[in-house]
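Remarks on the structure that follows.
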Amino acid sequence: MTRSVLLPGAGTGAVNNLIRSLRSDCPGLVVVGAHVDRFTLRNSKANRNYLLPKVDDPGFTDALRTIVEREGIDLLIPSTDADVGLASELRDVLPCRTFLPATSVIERCQDKYGLSEHLRGSGIPVAATATVRDLASLEEVFARFSGARRLWCRIRSGYASRGAAPVDTPEDARAWIGYWERVRGVPASDFTLSEYLPGRDFACQSLWQDGRLVLIKTVERLAYLGAETRASGTSSIASVAKTVNEPRVVDICAAAIRALDPRASGAFSVDLKENRAGMPCVTEINAGRFITMLSFFDFTGRHNMSATYVRLALDEPVEIADPYDVVEDYYLVRGVDTLLAIFHADQLFDGIEDVSAPPEPVAVAGTRH
């Protein structure tokens, strides 16, 4: 039987990567794309594409329903937090399936501070975090972190380290938050200050069904796309990442998701960073969607995560004996305007001659020293 999926955000790199993953392991799958921007949509790799009105247009929901009915869509797969929120809102309206966490879980995860406090109350390791009331209160907030040499300043919602920067003093934080408030229209009360986490940076992607962990994989970010031009010096978007075997990270991620919902279903992507003691701390959870390097999770290990997601959503049999699908020493490398590359450590120097080291001196007969 032919199956069809609808992908909002068609034409973006994340959705084109998802299409590539699905086609590699779901033969015959019909992929339908949709977007509100015709220029982005022009780059879509879907079988058929539809231009939608803006989300705030009164006809948006009817237009989306028209696509679902015309194409006989079986499943809608969101790829951004905004699309997850919209799909959650319309899950009982659209005549197709969604495979999403509960609305309350989605809302909690999209508020980074609320998520942190909930996890802390459940005994999950997170960075100590405080909210900002206004610019005048920053000395008071800094005083709560006695002895800390550096704090992490960020907006409590969003992605890709939006509004994030390390700050060493209240003056640093006041200048940074003041800029966002004055120029970008983000109020100071949208910011938090938290313990700075200097250690390794992990991403953990997982699939759940009715509280059962079905599949989980772990990678470590080693470098970041555009980091040199960001105040934060980092991003959730890796330019270099590596598959790793980290059972402790898996245990923390699984405990965090169970703390959110003992009956969790859908996709959860968890970011973690080690504190000074080497403990991985949850920094955010993307509930209901995959992260942009999903191809790394799909094309390494035994199981394609995107394809498994579709099978679970459509009630097809999925038999995975060990949920932790771990394979070590694969690397992902990507940059702007290039297709991502995935290869094993053994292939790192294939076709490359290293001339960075000086050559060994060659002894010549009869040469005097």
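From Cα pairs below 8 angstrom and at least 6 apart in sequence, can you work out the relative contact order of the chain, rounded to a whole percent? Before the final figure, lay out the partial values.
On the way: 704 pairs, mean separation 59.5, N = 369.
The normalised contact order for the chain reaches 16 percent.
Taking 22 Å as the straight-line reach from the Cα of LYS242, the lysines in range (excluding those fewer than 8 positions away in the same chain) are LYS217, LYS273.
Summing Lys and Arg as +1 and Asp and Glu as -1 over all other residues whose Cβ lies under 9 Å from the Cβ of ASN286 gives a net charge of -2. Distance from the Cα centre of the range 196-232 to that of the range 238-266, in angstrom? Using only Cα atoms, the two centres lie 9 Å from each other. Work out the charge dipole of the range 133-229 with +1 on the Cβ of Lys and Arg and -1 on the Cβ of Asp and Glu about the Cα centre, then indicate which of THR218, ALA148, VAL186 is farthest towards its positive end. Positive-end residue among those listed: THR218. If you work out Kirkwood radius over Cα pairs in Å from the coordinates, which of (i) 21.6; (ii) 22.3; (iii) 25.4 do you get? Computed from the coordinates, Kirkwood radius over Cα pairs in Å corresponds to (ii).
Note on the chain: helix-only mean residue ellipticity at 222 nm, from DSSP H runs of 4+ residues weighted -39500 (n - 2.57) and normalised by residue number, equals -8000 deg cm²/dmol.
Where nothing but the Cβ of Lys and Arg (+1) and of Asp and Glu (-1) is charged, how large is the charge dipole of the range 288-358 around its Cα centre, in debye to the nearest 20? Don't skip to the answer; put the middle values down first.
Working: 4 positive and 13 negative charges, 72 e Å.
With only Lys, Arg, Asp and Glu charged at Cβ, the dipole is about 340 debye.
Can you tell me the dipole magnitude for the range 100-193 around its Cα centre, using point charges on the Cβ only (Lys, Arg +1; Asp, Glu -1), in Debye to the nearest 20? Before the final figure, lay out the partial values.
On the way: 13 positive and 11 negative charges, 47 e Å.
For this selection, approximately 220 debye.
Share of the chain's accessible area from carbon and sulfur, percent, 1.4 Å? The nonpolar share, carbon plus sulfur, comes to 51 percent. Which of rounded, prolate, oblate describes the range 141-227, given a ≥ b ≥ c as roots of the alpha-carbon gyration tensor eigenvalues and a/c under 1.5 marking rounded, otherwise prolate only if a/b is larger than b/c? Prolate shape, in that a/c is at least 1.5 and a/b is the bigger ratio. Of the peptides 332-339, 279-286, 123-130, the order by per-residue mean of other Cβ atoms within 10 Å, starting with the highest, comes out as 279-286, 123-130, 332-339. Taking amide H positions as modeled 1.01 Å from N, with prolines and chain starts lacking one, the residues under 5 Å from SER4 and 5 or more places away or on another chain are VAL30, ASP74, LEU75.
Rank-order 83-95, 47-59, 249-261 by packing density, defined as the average count of other C-beta atoms within 10 Å over each peptide's residues, highest first.
By packing density, highest mean first, the sequence is 249-261, 83-95, 47-59.
Take peptides 262-269, 135-142 and line them up by average Cβ neighbours within 10 Å, highest first, as a rough protection proxy.
Working: 262-269: 21.1, 135-142: 15.8.
Going from most to least packed, we get 262-269, 135-142.
Can you give me the accessible area per residue for the range 55-122, using a 1.4 Å probe, in Å²?
Details: 3200 Å² over 68 residues.
The answer is 47 Å² per residue.
In order along the range 168-184, phi translates into HN-Hα couplings of 9, 9, x, 5, 4, 5, 5, 5, 5, 5, x, 4, 5, 6, 7, 8, 9 Hz, rounded to whole numbers, per the Karplus curve 6.51 cos²θ - 1.76 cosθ + 1.60 with θ = phi - 60° and x for Gly and Pro. The mean accessible area for residues of the range 184-302, using a 1.4 Å probe and ignoring ligands and nucleic acids, is 33 Å² per residue. Remark: the range 1-151 carries a charge dipole of roughly 620 debye about the Cα centre, counting +1 on each Lys and Arg Cβ and -1 on each Asp and Glu Cβ.
The values are calculated or read from the model by the stated rules, or taken from the named source; none is laboratory data. None of the values given here were measured: they were computed from a predicted structure. FYI the Cβ positions are ideal-geometry reconstructions off the backbone, even for glycines, and counts take in every protein chain you see. With ligands, DNA and RNA removed, areas are computed over all heavy atoms of the protein, side chains included. Shrake-Rupley method; radii C 1.70, N 1.55, O 1.52, S 1.80 Å.
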